[in-house]
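Notes follow once the structure below has been shown.
None of the figures in this text is laboratory data; all of them are computed from the coordinates on show. Since the structure is predicted, the reported quantities are computational estimates derived from the model, not experimental observations. Methodologically, a virtual Cβ is constructed for each residue, glycine included, from the backbone with ideal geometry; neighbour enumeration extends over all protein chains shown.
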Amino acid sequence: MDVTEFFSLHEQGEIMEAIAEAEKNTSGEIRVHLENYCFGNALKRATKVFKKLGMANTAQHNGVLFYLAVKSKKLAIVGDSGIHEHVKQHFWDELKSSMLDMFAENHYKEGLTSGILATGQKLKEYFPYQSDDVNELPDEISFGKH
């Protein structure tokens with residue numbers, strides 16, 4: 001199966017809607033990246049993807065990447081430096097654990113969308129939406145070749 005088919009087109013639309021909904025409340029930027037395989041440490045791979053997608057270039061350094069290697073069954077969540085100044089690691093650990101629990105029950109779309117929406121709520125505390133906010137990064141899901 002090609003990684004672009006992991007989520008149906010309808011599910012992909014729901015994930016992008018969750019990103020848009022989460023970003024209504026915050027100036028933070030959320031992206032999702034899917035690959036089939038991650039050979040090695042998922043956090044290291046996700047950090048490379050984060051940089052490759054230009055996520056380190058946001059004005060407030062408040063981007064978050066949800067990285068899934070679907071066949072390797074790996075998940076990583078990467079936040080930029082501005083986020084790490086405010087949001088503590090235990091939030092990300094608990095979020096990842098909750099998402100993995102849903103994934104274990106084959107509720108991938110639900111796990112991902114709940115993680116995205118929870119992230120939007122958390123970012124709202126430190127990076128509230130501004131009237132002049134610009135969507136700096138696309139909401140579309142990106143796909144890797146691995």
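A few points about this structure:
- Considering only Leu123, Val70, Ser98, and ranking their Cα positions along the charge dipole of the chain that arises from unit charges at the beta-carbon of Lys, Arg, Asp and Glu, the one farthest toward the positive end is Val70.
- Dipole check for region 3-143: with +1 at the C-beta of Lys and Arg, -1 at the C-beta of Asp and Glu, and the Cα centre as origin, the magnitude is about 740 Debye.
- Here the label points at Ser81 and His107, each 7 Å from Cα along the C-beta direction, are separated by 3.8 nm in the simple model.
- Chymotrypsin sites (Phe, Trp or Tyr not before Pro) within region 1-47: DSSP coil, no more than 13 neighbouring Cβ in 10 Å: Phe39
- If you take the alpha carbon atoms of region 3-143 and fit the smallest convex hull around them, that volume is 94 Å³ per residue.
- Label zone at Leu53 (point 7 Å along Cα-to-Cβ), backbone N below 11 Å, region 11-41: 29-35
- Rounded to the nearest 10 degrees, the inclination of helix 108-126 to the longest alpha-carbon principal axis of the chain is 20 degrees.
- Nearest-ten-degree value, helix 89-104 long axis tilted from longest Cα axis of the chain: 30
- Site pair Glu140 and Lys73 shows an inter-label distance of 3.2 nm when each label is modelled 7 Å from Cα along Cα→Cβ.
- Nearest-ten-degree value, helix 42-52 long axis tilted from longest Cα axis of the chain: 60
- Mean Cα-pair separation over length for the chain, i.e. relative contact order, pairs under 8 Å, 6 or more apart, %: 39
- Mean Cβ count within 10 Å, highest first, over the residues of peptides 77-87, 93-103: 77-87, 93-103
- For region 1-70, a/c is not less than 1.5, where a ≥ b ≥ c are the root eigenvalues of the C-alpha gyration tensor, and a/b does not top b/c. That puts it in the oblate class.
- A simple spin-label model places the labels of Lys96 and Glu125 1.9 nm from each other, with each point 7 Å out along Cα-to-Cβ.
- Set of aspartates and glutamates with alpha-carbon distance to Lys74 below 12 Å, sequence-local pairs under 8 removed: Glu35
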